[in-house]
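Visitor: Below: one structure in structure tokens.
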Amino acid sequence: MQYCRDLCAKRQRCSFIGKMMYRSRVGMMRTMQESISKNSPQDFVALTVAIKAWGRELGFQDIRIADAAADMSQAEAGLLEWLNQGHHGQMDYMAKHGSRRTRPAELVPGTLRVISVRMNNTPPAAKDSWEVMQDGTRAFISRYALGRDYHKVLRTRLQKLADKIAVEVGPFNYRVFTDSAPVMEVEWAQKSGLGWRGKHTLLLSREAGSMFFLGEVYTDLPLPVDRAVGDYCGSCSKCIAICPTQAIIAPYRLDARRCISYLTIEHKGSIPETLRPLIGNRVYGCDDCQLICPWNKFAAITGEDDFAVRNGLDDVSLVELFGWSKEQFDTTLAGSPIRRIGHEQWLRNLAVGLGNAPSSAAVTGALQARRDDASALVREHVQWALQQHGRRCDSPGNL
Ligand code: B12
Ligand code: SF4
């Protein structure tokens with residue numbers, strides 16, 4: 001309470017000049033007396049219009065606002081159930097932070113609103129995903145990861161948005177997030193009306209499908225809130241049916257331990273053998289449940305140069321990537337999200353891909369060359385991969 005009073009007093013003092021600039025920019029005609037009466041609902045309506053316009057200028061395709069005190073009891077129950085079932089696997093960070101994940105004011109005291117944004121991530125001129133996945137000699141890398149790491153891109157833009165707001169209203173209490181904080185991003189985006197939750201658990205928008213990143217600004221500004229939109233999935237369940245590992249165990253319920261995105265990015269150590277053949281050539285992330293979704297015919301190509309394909313990663317052979325030294329991995333993938341998994345996990349994933357590739361001298365040669373790799377994890381996956389080729393050569397169909 002004291003905090004809120006201090007904040008209000010501070011705003012009254014600091015933001016008058018900024019407020020005047022803001023008024024002239026949004027073209028509002030007010031008397032001096034009116035402009036001193038701060039924090040009126042009209043002020044916040046105009047500020048919201050301005051925030052949305054700045055957000056678009058900064059490269060976000062949509063910006064919406066939710067009430068931070070909205071009912072999150074269902075989300076809390078869903079999260080707890082998910083954790084109790086162990087569906088988070090090794091992602092211990094999902095179990096930390098308790099109710100701070102669902103209650104913004106417990107994470108950032110004084111938070112009244114959640115501003116959610118989305119930014120398209122489909123890179124221009126990338127090789128068709130299905131074509132890459134159908135060619136077992138190529139490596140499929142999730143389309144969002146072909147360019148620069150999005151965390152930095154989104155956080156920088158969100159900070160710029162917050163800076164713009166501060167110029168107009170004076171210092172205000174806020175924090176920006178994307179992905180890595182205890183924030184239920186899809187849930188907030190859904191509440192704000194950015195879209196609805198698909199059965200694959202991701203946010204879908206009628207204008208953009210699901211191929212975008214989400215980010216948020218938690219703020220103490222009492223901005224007017226937007227309305228949630230309806231659910232447009234209907235009876236479609238293509239995302240559930242196509243999942244190669246059947247990780248979507250029921251609509252809106254994902255067992256991350258089976259999800260290829262989890263297995264190739266978040267999971268440390270050995271990949272369960274039963275799942276390896278189902279992973280195919282997906283070596284970093286997975287897009288199947290999104291690619292099959294009819295709403296993704298509306299997915300727009302990103303305008304961000306940062307997300308453009310780097311180093312030909314959209315269409316590259318497994319053998320070539322498997323030949324990279326640690327130095328090559330570190331240098332070539334500087335700035336890429338892939339670098340975060342490290343060379344050892346990268347080789348582990350590629351070994352699985354090579355185990356699933358059509359048998360050839362190039363494939364078995366590449367695997368043989370890493371048979372004595374310094375990493376026990378890599379050696380174990382190479383061994384498995386070589387066995388797959390041994391098995392395939394022995395099978396009657398190959399005689
Ligand atoms: C952990 C995580 C993962 C995990 C788990 C995913 C998951 N669905 O939980 C893994 C590693 C598998 C993953 C994969 C991917 N992720 Co991810 N991930 C996250 C993260 C960090 C947290 C998500 C979360 O809170 N999960 C916890 C579970 C409980 O939440 P939930 O599945 O949404 O469950 C809700 C309901 O489904 C329901 N529920 C769940 N279980 C149950 C059980 C019962 C009984 C009931 C009643 C209800 C219920 O209640 C829950 C709460 O509302 C968010 C960023 C963030 N901070 O929010 C990004 C995020 C969701 N991921 C994102 C992306 C892009 C992906 C991938 C597409 C990446 C890729 N191409 O490989 C895949 C997609 C896989 C998929 N189908 O979800 C984007 C999604 C953007 C969008 N359009 O929605 C986010 C928002 C990151 C970002 N900032 O852009 N991710
Ligand atoms: S990302 Fe792939 S493995 Fe994970 S739920 Fe979607 S289709 Fe299944």
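Visitor: Quick check: anything in segment 322-340 touching a residue at least 60 places away in the same chain (Cβ under 8 Å), surrounded by 21 or more Cβ atoms within 10 Å (Cβ to Cβ) and under 17 Å from the mean Cα position of the chain (by Cα)?
Guide: Among the residues of segment 322-340, at least one is touching a residue at least 60 places away in the same chain (Cβ under 8 Å), surrounded by 21 or more Cβ atoms within 10 Å (Cβ to Cβ) and under 17 Å from the mean Cα position of the chain (by Cα), which makes the answer yes.
Visitor: For residues that are out of contact with any His (no Cβ under 9 Å at 6 or more places or on another chain) and in a helix (DSSP H, G or I), tally how many sit in segment 289-322.
Guide: Number of matching residues: 14.
Visitor: Could you tell me whether E168 is among the acidic types (D, E) and within 30 Å of L278 (Cβ to Cβ)?
Guide: no
Visitor: Give all pairs with beta carbons closer than 7 Å in which a residue from segment 182-200 that is touching a residue at least 40 places away in the same chain (Cβ under 8 Å) and near ligand 1 (Cβ under 8 Å from one of its atoms) meets a residue that is assigned to a helix (DSSP H, G or I) and aromatic (F, W, Y); count only pairs at least 6 apart in sequence or on separate chains.
Guide: Here the result reads none, with nothing in segment 182-200 linked to a residue that is assigned to a helix (DSSP H, G or I) and aromatic (F, W, Y).
Condition check ((1) buried (at least 18 other Cβ atoms within 10 Å of the Cβ); (2) out of contact with any Phe, Trp or Tyr (no Cβ under 8 Å at 6 or more places or on another chain)) across all residues:
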site	(1), (2)
K191	yes, yes
G198	yes, no
D231	no, no
I240	yes, yes
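Visitor: Considering only residues of segment 74-92 that are near ligand 1 (Cβ under 8 Å from one of its atoms) and of a type in the set (D, E, K, R), which is surrounded by the fewest Cβ atoms within 10 Å (Cβ to Cβ)? Outline the logic, then answer.
Guide: Within segment 74-92, the subset near ligand 1 (Cβ under 8 Å from one of its atoms) is 74-79, 81-83, 85, 87-88, 91.
Still in the running and of a type in the set (D, E, K, R): 76, 81.
Working: E76: 17, E81: 11.
Filtering segment 74-92 for residues that are near ligand 1 (Cβ under 8 Å from one of its atoms) and of a type in the set (D, E, K, R), the one surrounded by the fewest Cβ atoms within 10 Å (Cβ to Cβ) comes out as E81.
Visitor: Among the residues of segment 123-179 satisfying the criterion of being in a strand (DSSP E or B) and touching a Gly at 6+ places or on another chain (Cβ under 8 Å), which is nearest to L47 (Cα to Cα)?
Guide: Taking the candidates together, the pick is V176.
Visitor: Further question: For segment 261-288: of the residues being more than 10 Å from ligand 1 (Cβ to nearest atom) and part of a helix (DSSP H, G or I), which is surrounded by the fewest Cβ atoms within 10 Å (Cβ to Cβ)?
Guide: P277
Visitor: Condition first: touching a strand residue (DSSP E or B) at 6+ places or on another chain (Cβ under 9 Å), in contact (Cβ under 8 Å) with a residue 40 or more places away in the chain and crowded, with 20+ Cβ neighbours inside 10 Å. Now tell me which residues in segment 244-260 satisfy that.
Guide: Quick first cut of segment 244-260, residues touching a strand residue (DSSP E or B) at 6+ places or on another chain (Cβ under 9 Å) only: 244, 247-248, 252, 254-255, 258-260.
Next, from what is left, pick out any that are in contact (Cβ under 8 Å) with a residue 40 or more places away in the chain: 244, 248, 252, 254-255.
Listed by number, the residues that qualify are I248, L254.
Visitor: Still on this structure, please answer the following. When you look at L318, is it farther than 23 Å from D179 by Cβ, away from ligand 1 (no atom under 16 Å from the Cβ), in contact (Cβ under 8 Å) with a residue 24 or more places away in the chain and in contact with a strand residue (DSSP E or B) (Cβ under 8 Å, 6 or more places away or on another chain), yes or no?
Guide: Considered against the rule, which asks whether it is farther than 23 Å from D179 by Cβ, away from ligand 1 (no atom under 16 Å from the Cβ), in contact (Cβ under 8 Å) with a residue 24 or more places away in the chain and in contact with a strand residue (DSSP E or B) (Cβ under 8 Å, 6 or more places away or on another chain), L318 comes out as yes.
Visitor: Pairs please, first residue from segment 271-291 and more than 19 Å from S359 (Cα to Cα) and more than 9 Å from ligand 2 (Cβ to nearest atom), second anywhere and assigned to a helix (DSSP H, G or I) and of a type in the set (K, R), Cβ atoms under 8 Å, 6+ apart in sequence or on different chains.
Guide: Hits for this filter: I271/R348; L275/R258.
Visitor: From the list K199, K191, which residue is basic (K, R) and in a helix (DSSP H, G or I)?
Guide: K191
Visitor: Please find, within segment 209-256, the residue that is farthest from W295 (Cα to Cα) out of those that are in contact with a Leu (Cβ under 8 Å, 6 or more places away or on another chain), assigned to a strand (DSSP E or B) and more than 8 Å from ligand 1 (Cβ to nearest atom).
Guide: Per the stated criteria, the residue is T219.
Visitor: Give me the pairs, please: first residue somewhere in segment 54-75 and within 17 Å of V229 (Cα to Cα), second residue anywhere and assigned to a helix (DSSP H, G or I) and away from ligand 1 (no atom under 12 Å from the Cβ), beta-carbon distance under 7 Å, and either six or more positions apart or on two chains.
Guide: Sorted first by the residue in segment 54-75, then by its partner, the pairs are I63/I51; I63/K52; I63/G55; R64/S192; I65/T48; I65/S192; A66/S192.
Visitor: Now a separate question. Of all residues being part of a loop (DSSP other than H, G, I, E, B) and free of Cβ contacts under 8 Å to residues at least 40 places away in the same chain in segment 92-116, which is farthest from G78 (Cα to Cα)? Just the residue, please.
Guide: Going residue by residue through segment 92-116, those that are part of a loop (DSSP other than H, G, I, E, B) are 95-97, 102-103, 108-112.
Filter once more, so that each one left must be free of Cβ contacts under 8 Å to residues at least 40 places away in the same chain: 95, 103.
Details: A95: 13, R103: 14 Å.
The selected residue is R103.
Visitor: Right, here's the next one. For A299, only one of the following conditions fails: (1) within 13 Å of ligand 2 (Cβ to nearest atom); (2) under 23 Å from V132 (Cα atoms). What is its number?
Guide: (1)
Only the coordinates and a few stated rules stand behind these numbers; no lab work does. In this text the structure is predicted, and so the values were computed from the model without any measurement. In this analysis, Cβ positions are derived from the backbone assuming ideal geometry, glycine residues included, and neighbour counts consider all displayed protein chains.
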